[in-house]
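Each value in this text was obtained by applying a stated rule to the coordinates, not by laboratory testing. The model shown is predicted, which means the values in this text are computed figures rather than measured ones. For neighbour counting, all protein chains shown are included, and Cβ atoms are generated from backbone atoms with ideal geometry for every residue, glycine included.
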Amino acid sequence: MDNKLSTPTIVLHWLTGLLFIGVLAFGLYVEELPKGDEKLEMLALHKSFGITVLCFAFARLLWRLKEGEITHVAELSKVQELTAKSVHMVLLIGTLLMPISGLMMSIGGGHGAALFGFELYPKSEKIEWMGSLGHDIHGPAAWLLLVTLLVHIAAAIKHHFIDKDRTLSRMLGRGSD
């Protein structure tokens, strides 16, 4: 059975995933910085890269809707099937929800939104409920996504080294082995 993934599926997976991991790690780093100009500059970069993730994640979602559900390389038990679907859904939604909640914090805090210095939404009055909701989502979601991402990576490694199936090879764009 040939269940090769399309080039856009592979590219959007890796581009969104690696960029998301970078923004997540950078956000955790920025959180630890002392208040000051450096933190504000780093936070502006974090926001810009977050908006970039949102764009790629949205493109990935649209592409996924166009292509439909990705089939599995190997036979999975019901538990594995449910776990795989759940992990993929959390990651797909999370790569959208994290930058959206970040934008909610920024706009709700009256800071506006900019993409590498280009103003997307001007500074304005605070919108308390929006900033608060964004904050309530953003922090906990980061940790949930970090754990989910580690499960996803562990599963890919398991498929490759223990199950010895083509799951990881296929996501790397390699043909039938």
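Annotations for the structure displayed:
- When the convex hull of its Cα atoms is projected in every direction, mean area for the range 1-132 (nm²): 10.2 nm²
- Inter-label distance for Lys164 and Glu38, nm, one decimal - labels placed 7 Å from Cα along Cα-to-Cβ: 5.1 nm
- Using R0 = 22 Å, the C-beta based FRET efficiency linking Ser6 and Glu81 works out to 0.50.
- The range 102-171 versus the range 1-75: alpha-carbon centroid distance in Å: 8 Å
- Potential lengthening between Ile93 and Ser132 on full extension [0.36 nm per residue; Cα-Cα distance subtracted]: 12.0 nm
- Cα-based helix-to-principal-axis angle, 128-161 vs the chain, degrees rounded to 10: 20 degrees
- Each peptide in 61-73, 97-109 was scored by the mean count of other Cβ atoms within 10 Å over its residues; highest first, the order is 97-109, 61-73.
- With both labels modelled 7 Å from their Cα along Cα-to-Cβ, the Tyr29 to Leu150 distance reads 2.0 nm.
- Measuring r between the beta carbons of Leu18 and Lys123 and using R0 = 35 Å, the FRET efficiency lands at 0.65.
- Here's the list of lysines a cross-link from Lys66 could span, going by alpha-carbon distance under 25 Å and ignoring same-chain residues fewer than 8 apart: Lys4, Lys85.
- All C-alpha pair distances within the range 99-175, sorted into 10 Å bins from zero, spread as 19, 27, 19, 20, 14, 2 percent across the bins.
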